[in-house]
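Have a look at the structure below before the remarks.
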Amino acid sequence: MQVSGSTALVTGANRGIGRALVAALLEAGAAKVYATARHPGDVVVPPGAEGRVVALPLDITSAASIAAAAAQATDVTLLVNNAGVLDFGGALEISGDKLERNFAGNFFGPLNMARAFAPVLEANGGGAIVNTLTIVALASMPGLAGYNASKAAAWSMTQSLRAALAPKGIAVHAVFPGPVDTDMAAEITFPKTSAADVAKAIVDGVQEDHEDIFPDPMSAQVYEGWRQDHKAVERQFAAV
């Protein structure tokens, strides 16, 4: 779809990739962007964009909050599920609370957003949903067991949504970033791509109708290796 003239909603827009996505969407010509966060006062509106950005309260783990956002943002044509959480811990050590937190934020949140906004997009003539996943949805890093699993589940769900929503004129994109220079990834020591570069690549991928978007050099390289020999990538990540 063309971003120019669209009305977008970005979850987790107060920092990191979400904040950069708001700027990238505006740069691409979006007519309006709902920039959502648990605390909308944390949303930073880019200079000169005051009339095009609407800060909206949203907690993607709350059914009532999602319903309220869908009732207010009835003109959305592009939903960007960006908000998420990351907890460290291996499969045998991570607590149940952390596992539940990762699945609530990374799987159920985007799924419930898609369910709430699919009728909105359809009523507006179609559009697109973007689910921000991670390259470790393809091959797990042992120290991120809950994060890996929740994002892998979200990848499977994204494919199901793609099939279900195509007849309604709604495209569904999966984004697989590698390490990005954000607060969430502060403890990750791999080389990181800037949030601005990742956001631009996501917007470009949507406009070029790429169903799967690998928005940085590491993710593109890992994907090519995974396509050729997924077991080799699994072993490589397991050694990290």
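The values are calculated or read from the model by the stated rules, or taken from the named source; none is laboratory data. For clarity, every value in this text was computed on a predicted model and none was experimentally measured. Virtual Cβ from ideal backbone geometry, glycine too; neighbours counted across all protein chains shown. Accessible surface areas use protein heavy atoms only, side chains included; no ligands, DNA or RNA. Shrake-Rupley method; radii C 1.70, N 1.55, O 1.52, S 1.80 Å.
Side notes on the structure shown:
- Matching label, semi-axes √(5λ) of the Cα gyration tensor in Å computed from the structure shown, candidates [x] 27, 19, 18; [y] 34, 20, 16; [z] 30, 22, 16: [x]
- Computed extension gain for Asp212 through Ser160, at 0.36 nm per residue and net of the alpha carbon distance, reaches 17.3 nm.
- Mean-position separation - Cα centroids, the stretch 133-170 and the stretch 71-116, in angstrom: 11 Å
- Choice from Arg227, Arg115, Arg162 showing the highest fluctuation, given a GNM over the chain with Cα pairs closer than 10 Å: Arg227
- Taking all protein chains as shown and a probe of 1.4 angstrom, Leu165 keeps an accessible surface of around 10 Å².
- The stretch 46-116 - percent of accessible surface contributed by carbon and sulfur, probe 1.4 Å: 59 percent
- Per-residue ellipticity at 222 nm from helix content only, as computed over the chain with -39500 (n - 2.57) for each DSSP H run of at least four residues, stands at -13000 deg cm²/dmol.
- Anisotropy class of the stretch 29-124 from Cα gyration tensor, a/c 1.5 cut: prolate
- A simple charge model with +1 on the Cβ of Lys and Arg, -1 on the Cβ of Asp and Glu and nothing else charged puts the dipole of the chain at about 320 debye relative to its Cα centre.
- Of Val136, Gly105, Ala71, farthest towards positive along the dipole that unit charges on Lys, Arg, Asp, Glu beta carbons give the chain: Ala71
- In nm, spacing of pseudo-spin labels at Asp75 and Ser4 (7 Å Cα→C-beta vector): 1.9 nm
- For the stretch 1-153: accessible area per residue (Å², 1.4 Å): 39 Å²
- Accessible area (Å², 1.4 Å probe, nearest 10) - Leu26: 20 Å²
- 21 Å Cα-Cα threshold exceeded, pairs from Lys151/Lys231; Lys98/Lys200; Lys151/Lys192; Lys98/Lys151: Lys98/Lys200
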